[in-house]
Amino acid sequence: MNRLTNISQIRKSLIDGKLKVNDLVQNKIKEINRGSPNRLNTFISLEDEKSLEKQIKESQERYNNGTNKRLDGIPIGVKDNFSSKNFKTTCASKILENYKPSFDSTVVKLLKDEGAIIIGKTNMDEFSMGSSSTSGNFGKVINPWSKPNNSNNNEGEVLYVAGGSSGGSAAAVASNYCVASIGSDTGGSIRQPSSYCGVVGFKPSYGLISRFGLVAYASSLDTPGVLTNSVEDAAELLDVLIKKDQENDSTSIEFINNNNNNNNNNNNNKNEKKNILNEFNEKLKNKNIKDLVFGIPKDYLVKELDTDILNLWKEVVEEIEKRGGKVVPVSLPHTRYALPAYYLLATSEASSNLSRFDGVRYGYRYEEENENSSGGNDEIKIGMGLKDMYTKTRTNGFGEEVKKRIILGTMALSRSSYDNFYTKAQKIRRLVSDDFKNVFQGENKVDILITPTAPSPAFKQNEKMDPIEVYVNDIMTIPSNLAGLPACSIPLKLSKSNLPISVQLISNRLTDDNLLFAAHTIMNFDCYKDFTSITPNYLK
């Protein structure tokens, strides 16, 4: 499996005629079903054959006559919480298992406008609530780095989680089932599965990519992003997706200059629109690692941190310093409060957002079974009342994790708890955001923060874990969501247990191009650049 093939290489092969769109797409479908249908359960649904044939034919014709678009014929997976016209969008929930939207989300529309082929909708945690992609209604996603049966030494199969909630998107890219995929990140839902599956996961600044058509979990935190095998591919996709959506999304913003980090006081270019791909390529030509100041937040050194990940964190710092980069310690003192604040805020918003799923307008509705009465036709069956229908629809339609979070959010928003919980969580959010602001605009003018992405590599499926332990998996990723900052997970090596481990990079708001440059630079250190050529265990 060649995981080094990126979008620009594929496009060149298609333009030169060395590769046909049909061969590219059908090879991906074949890989998805190799051994058994949807072997790793990465997809909830695949595009139907007729639609695929039509898209393949149109893309190939554009290549033949030289009018191809930027992503023509490129197979891309989309997380199943992005609306796709006439294509099931289930959010991995029973309550939406047969829902087909009548419109495309902005993300899907932009991809289609550039000729991308949406090969399928990827599996996930139900309504994006989870850290393992095991809570959905359509089964668990298998991490491609799981260990298959080995008859030579009598070792049994060991299955690992793919992370969540965008586990299907991460596993699909890691398995070469699609060239890239789209995910959503509320508290680490792109970066944590990217770390577990060994791919690049990029969450941009909040508002740069439109949320229109993304089924809401927590609206002030949900951020569409990309999962790829390389930083170059991430930059290419972001350039397609970063567009202000003035018609449909009031939180959508322009990608403009943020001069707050600049050491000079020249603000003439402030608020000037930027193109992320051009800015990234410009930095690759004219900058090197010596031009960046890296910060190491001591507050991320938590007791749950795995030894292999701690050693990688230290090693990356040493490699940067060895190449002349400046590294300084920084403090983010309110990080310790980010996790509880997040779970109060996210569940509160979820409690409100998910109230629309009531069985009346769309989606699943509970129906009482018609039971044959032993008394002949004399008995008249009385139907449910409206309240009963609401209750039974939501009780049967939502999974356990979703119900748990709705209850928690409803409690936090109740009159007796609002000031003690929700209001305090909002104040903590502001303090967390101010911590980042002080680091990026303070004395050292830090450009990039380096932290672990997750406290451990992927854990085993069916491993009994306390719910709080599961929530702690997001401890490294949540703060940047609370502050709306861009963050990226980059895979660098394997742990002693032969599982991918990564570091996370965070930069100031609207400096996404700088973050891409730093991520690309570190991934291309001699000691890390060969990681993406390693084939995951389960696919060998």
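The values are calculated or read from the model by the stated rules, or taken from the named source; none is laboratory data. Computed from a predicted model, the values in this text were never measured in an experiment. Positions of Cβ are backbone-derived with ideal geometry, glycine not excepted, and every protein chain shown enters the neighbour counts. The area values use the complete protein model at the heavy-atom level, side chains included, leaving out ligands, DNA and RNA. Shrake-Rupley method; radii C 1.70, N 1.55, O 1.52, S 1.80 Å.
The table that follows gives values for the structure above.
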| item | result |
| --- | --- |
| Some residue of the range 500-509 being part of a loop (DSSP other than H, G, I, E, B) and closer than 21 Å to residue 317 by Cα | yes |
| Criterion violated by residue 39 - all others in (1) closer than 23 Å to residue 163 by Cα; (2) in contact (Cβ under 8 Å) with a residue 12 or more places away in the chain; (3) out of contact with any Phe, Trp or Tyr (no Cβ under 9 Å at 6 or more places or on another chain); (4) not hydroxyl-bearing (Ser, Thr, Tyr) satisfied | (3) |
| Among (1) within 16 Å of the chain's Cα centre (by Cα); (2) open to solvent by 20 Å² or more (accessible area, probe 1.4 Å); (3) acidic (Asp, Glu), the one test that residue 222 misses | (2) |
| Flag for residue 479 being part of a strand (DSSP E or B) and surrounded by 19 or more Cβ atoms within 10 Å (Cβ to Cβ) | no |
| Residues (closer than 18 Å to residue 305 by Cβ and modelled with pLDDT under 95) located in the range 460-496 | 465, 466, 468, 469, 470, 471, 472, 473, 474, 475 |
| Answer from 187, 201 - the residue that is at pLDDT 95 or above, within 30 Å of residue 352 (Cβ to Cβ), in contact with a strand residue (DSSP E or B) (Cβ under 9 Å, 6 or more places away or on another chain) and small (Gly, Ala, Ser) | 201 |
| Cβ-Cβ under 9 Å pairs, at least 6 apart or on other chains, the range 268-280 side within 22 Å of residue 231 (Cβ to Cβ) and among the charged types (D, E, K, R), far side at pLDDT below 90 and part of a loop (DSSP other than H, G, I, E, B) | 274/257 |
| Tally, over the range 443-467, of residues that are touching a strand residue (DSSP E or B) at 6+ places or on another chain (Cβ under 8 Å) and either open to solvent by 10 Å² or more (accessible area, probe 1.4 Å) or part of a loop (DSSP other than H, G, I, E, B) (or both) | 11 |
| Selected residue (criterion: nearest to residue 326 (Cα to Cα)) from residues of the range 276-308 that are surrounded by fewer than 19 Cβ atoms within 10 Å (Cβ to Cβ) and of a type in the set (Lys, Arg) | 290 |
| Count - residues of the range 511-530 that are of a type outside the set (Asp, Glu) and out of contact with any strand residue (DSSP E or B) (no Cβ under 6 Å at 6 or more places or on another chain) | 10 |
| Residue among 45, 36, 8, 51 that alone is in a strand (DSSP E or B), open to solvent by less than 70 Å² (accessible area, probe 1.4 Å) and not hydrophobic (A, V, I, L, M, F, W, C) | 45 |
| Number of the condition not met by residue 131 [criteria: (1) open to solvent by 10 Å² or more (accessible area, probe 1.4 Å); (2) among the polar types (S, T, N, Q); (3) touching a residue at least 60 places away in the same chain (Cβ under 8 Å)] | (1) |
| Which listed residue, of 264, 271, is part of a loop (DSSP other than H, G, I, E, B), open to solvent by 20 Å² or more (accessible area, probe 1.4 Å), modelled with pLDDT under 95 and touching a strand residue (DSSP E or B) at 6+ places or on another chain (Cβ under 7 Å) | 271 |
| Some residue of the range 105-120 being over 19 Å from residue 7 (Cβ atoms) and in contact with a strand residue (DSSP E or B) (Cβ under 6 Å, 6 or more places away or on another chain) | yes |
